[in-house]
Amino acid sequence: MPSCDFRARSNTRAERRRRGVKRRAAGRSGRRRDLPRQRRAGTTRPAGDRIAQNGSLDTIDAGMRPLQALAYAKACQRYPTESLRAKLAGALPNGTRFDTAAEDVHPAIAAIPGFGRARMYVWTVTADRSAPGARPAGEYKIQMILPNQERGTRATLDLAGAFTSLLGYSPDFGVFVGWQAELHAEFAYSRNVQCREELLREARNTGWAVASPRVLRGTGRDEVRIAFTPGNLLHYLRVSREADREGHVGKWREACFLAQTPNARGLLPGAERELDENIERQRERVTATRWVRDRTFSAKVKEQYDESCAVCSIQLEIVEGAHIIHVREEGSSDQVWNGIALCPNHHELFDGSAFVVDAELHVRVDEARVEYLEENDLASGIQILTDYRGEPIHPPYFWERDEDLRQRMTQALTRRTVAAGLA
């Protein structure tokens, strides 16, 4: 049971506003001083030093030549390897046993309770910054390079002996993406595999997003891409394996994943002629379910937090109700214990797990995410996140009044913290 005592703090609106002003002022006067490995004006680090500090070289075989190691680290380790592994481990159920080294993600092999043996290749999803016109706008990608793979050579994914998945993790959105491993089993050095930004956004906001089939260039084969929050990783593995066993491809695979949307399950069509109509209806049903839930949920949550952001205390009639367990995750609920009132900025950061709230109601920031944003020159305004690291949030009214609701919220917060790899 949470040990913090909020009665010692004044929770009046005026006091919370004053605390917010003091934190923001401190952030402006000491901006970035508390952040790890930040860039200073007029200073740079050698590329090799930068890679060594972020942990990328931990996964590189000692036999790699320096230039080969540097290329591997820069091209496919945009997010620290240990952080990718932490995200993977946190998203899998308790009792998962990894058979590969602690830093391995190319692949990571694990025995997963309730699933069995799985082989998972995981790369960082980053924005595609190809020359204008070279690729459609709004694309994100992974770059596939295996340890010891040399420039100009081809490599293969091991598909034998365990269910194999090809995954990406997006530090920008806090979600995983799944592609069909068998369609990318053989690949050239630094092979790009894409997904659309809107797929990542939908998954961040809801927990589960299914793209329409997309023809792979040069193969003529359709691929269905899925994006999902860490709490849905096991569900994705199960549905993906079942779709493979049933031989679902193209629109049938799309319909299968739509029908398995958590908390919005549907049925597959009985015949090919019904497929297009089934997909259209399933998408309408999933969208309608989300909006109905949001409309009934947010008002109840905001009332519990005095219509103010639980993190920064702002009101201004812009506060929203955020789900702790995402709408499209098993175990989600529209009860007040599954909600936190947040301003739009903190809502979006919370949905993407840039921070979580632990069982003691303290803000826990994803420090690897902070470093990633800084290293990629995306950290302007980062104090809206880092100013609140370790700070207690304003608790809901029921926190000291209803033991059952408090216990349920504590369990939801713990589950979210673990799944985000921040436990």
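The values are calculated or read from the model by the stated rules, or taken from the named source; none is laboratory data. Because the structure is a prediction, the values reported are computed rather than measured. Counting neighbours? That spans all protein chains shown, and the Cβs are built from the backbone with ideal geometry, glycine included.
Exactly one residue out of LEU422, LEU361, LEU378 is more than 21 Å from THR81 (Cβ to Cβ) and either touching a residue at least 12 places away in the same chain (Cβ under 8 Å) or not aromatic (Phe, Trp, Tyr) (or both): that is LEU361.
Inside the range 58-84, residues that are modelled with pLDDT of 50 or more, surrounded by fewer than 22 Cβ atoms within 10 Å (Cβ to Cβ), touching a strand residue (DSSP E or B) at 6+ places or on another chain (Cβ under 8 Å) and not in a loop (DSSP other than H, G, I, E, B) make up a count of 0.
From the list ASN192, ASN263, the lone residue that is surrounded by fewer than 22 Cβ atoms within 10 Å (Cβ to Cβ) and modelled with pLDDT under 90 is ASN263.
Can you pull out every residue in the range 282-322 that is at pLDDT 90 or above, in contact with a helix residue (DSSP H, G or I) (Cβ under 6 Å, 6 or more places away or on another chain) and either within 26 Å of SER212 (Cβ to Cβ) or polar (S, T, N, Q) (or both)? The answer is GLN304, SER313.
Rundown of residues vs (1) at pLDDT below 95; (2) farther than 22 Å from PHE228 by Cβ; (3) in contact with a Cys (Cβ under 6 Å, 6 or more places away or on another chain), yes/no style:
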site	(1), (2), (3)
ALA101	yes, yes, no
HIS106	yes, no, no
VAL122	no, no, no
GLY133	yes, yes, no
ILE145	yes, yes, yes
GLY152	yes, yes, no
THR164	no, no, no
LEU167	no, no, no
ASP172	yes, no, no
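Looking across ILE279, ILE226, one residue alone is at pLDDT 95 or above and of a type in the set (A, V, I, L, M). It is ILE226. Here is the figure for the range 259-274: residues that are part of a helix (DSSP H, G or I) and under 24 Å from GLY116 (Cα atoms) total 1. No other residue among LEU342, LEU373 is over 22 Å from GLU82 (Cα atoms) and either touching an Asp or Glu at 6+ places or on another chain (Cβ under 8 Å) or hydrophobic (A, V, I, L, M, F, W, C) (or both) apart from LEU342.
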